[in-house]
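The values are calculated or read from the model by the stated rules, or taken from the named source; none is laboratory data. Fair warning: this is a prediction, and the values are worked out from it, not measured in the lab. Every residue, glycine among them, receives a Cβ derived from its backbone with ideal geometry; neighbour counts consider all protein chains shown. The accessibility values were calculated without ligands, DNA or RNA, using every heavy atom of the protein model including side chains. Shrake-Rupley method; radii C 1.70, N 1.55, O 1.52, S 1.80 Å.
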Amino acid sequence: MRTPIILIGPICAGKTTVGEKVAKKLKIPQCSMDEVRFPYYHEIGFSKKTQQHIREKQGFQGMYAY
């Protein structure tokens, strides 16, 4: 049995990118938190479309605050 590899870091740090590369190299499955978190965010009214609109108008700080 393999020990899970967990990547921790701030938003937009490259965790998903690194995780994909590691998973491919080691031939193991990969699950990004992006795949897991959005259903929970949707429950509290989060919208990717709104997030993108805020990022375009207010930049990263506005998007992060959203």
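Residue-by-condition table, conditions (1) more than 27 Å from R2 (Cβ to Cβ); (2) among the hydrophobic types (A, V, I, L, M, F, W, C):
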{"residue": "K21", "(1), (2)": "no, no"}
{"residue": "K25", "(1), (2)": "no, no"}
{"residue": "P29", "(1), (2)": "no, no"}
{"residue": "E35", "(1), (2)": "no, no"}
{"residue": "F38", "(1), (2)": "no, yes"}
{"residue": "G45", "(1), (2)": "yes, no"}
{"residue": "R55", "(1), (2)": "yes, no"}
{"residue": "A65", "(1), (2)": "yes, yes"}
Picked from the stretch 6-32 (must be open to solvent by 60 Å² or more (accessible area, probe 1.4 Å) and polar (S, T, N, Q)), the residue farthest from Y64 (Cα to Cα) is Q30
Filter the stretch 17-66 down to residues that are touching a helix residue (DSSP H, G or I) at 6+ places or on another chain (Cβ under 8 Å) and of a type in the set (F, W, Y) and give me whichever is modelled with the highest pLDDT. F46
Within the stretch 33-55, residues open to solvent by less than 80 Å² (accessible area, probe 1.4 Å) and within 20 Å of T17 (Cβ to Cβ) come out as D34, V36, R37, F38, Q51
